Structure formats: structure tokens, C-alpha cells
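Q: Once you've had a glance at the structure underneath, I'll fire off some questions.
No value in this document is a laboratory result; all are computed from the given coordinates. Because the structure is a prediction, the values reported are computed rather than measured. Glycine gets a Cβ as well: all are built from the backbone with ideal geometry, and neighbour counts include every protein chain shown.
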Amino acid sequence: MSRTIRQHVLRRKHYGLCLMLPLVAAGLALGIAQEDAPSRLYEVLGWIALAGAITGFVAFHYAGRCPRCTGNLGGHTHYWRLRGWPGLAPAKFCPFCGVSLDAPCQASEGEPR
């Protein structure tokens, strides 16, 4: 069974979340640990966690591209609207090419993927 464009974009956003959230938690834990015993190692690991969290944030917001037109859906479709959160109108189409987000995730003939 083929995935929909909505599922494709959500999967890309989940990859960003899986990268960002553990690194934010690790950075907070390192910050708390440094309060008790200041160390250069904790500071370096904290900066590495911050860089990884920023990378995850960028992936979360900008990695979801429409497979039909390669338009950046990540920044234009809110995560909770993609998930169908109660009280929010669900995102229904790509703002760049107008294809339904519930259409199969396959590029048209001769169009970029």
C-alpha cells in the first residue's frame, strides 16, 4: 500500500523530533550536572547537544517536501494540522502545487521527486 503525502511529511517531521527532543533533554541534564561539578567536558557536550538540537529543529520545520513539486511543506503546514488535532482545521493541500495531502506519495511522470 502506498503512503500518502501527509504520511510522508509527518515521517520526515518525526525524524526531526527524534533528533531534537533527546538532545534537548541531554543538554538540560548536562546543564544541571555542570551546576554541581563544573567541568569543561560538560560544557563541550552541552554545546554538541545544542548543535544537534538546532539541526533537529531545522529538520522538523524544513525537511518535509512535497514529492510532487518539491515545495517545502515543513514550514507551511503546522505539525498539529497535519495530525488532525481537534479544534484545528486539518491541512488539506500543498500550498505550492495544490495536490491533496491525502493523495498517494508518487511523483507524476516527468516531474521532480
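Q: Taking the chain as a Gaussian network, where each spring joins two C-alpha atoms under 10 Å apart, which residue of 59, 49, 37 fluctuates the most?
A: Judging by the Gaussian network model, the answer is 37.
Q: Assigning unit charges at the beta carbon (Lys, Arg +1; Asp, Glu -1) and nothing else, what dipole magnitude in debye, to the nearest 20, does region 5-83 show about its Cα centre? Walk me through the intermediate numbers first.
A: Details: 9 positive and 3 negative charges, 167 e Å.
Once rounded to the nearest 20, the dipole reads 800 debye.
Q: To the nearest 10 degrees, how steeply does helix 40-62 sit against the main Cα axis of the chain, on a 0 to 90 scale?
A: So the inclination is approximately 10 degrees.
Q: Now for a different question. On the first, second and third principal axes, largest extent first, how far apart are the outermost C-alpha atoms of the chain in Å?
A: 59, 36, 26
Q: Also, quick follow-up: If you line up the long axis of helix 5-36 against the longest principal axis of the chain, both from Cα atoms, how many degrees apart are they, to the nearest 10?
A: Its long axis makes an angle of about 10 degrees.
Q: With unit charges on the beta carbon (Lys/Arg positive, Asp/Glu negative), name the residue among 64, 4, 52 whose Cα is farthest towards the positive pole of the charge dipole of region 1-70.
A: So the residue we want is 4.
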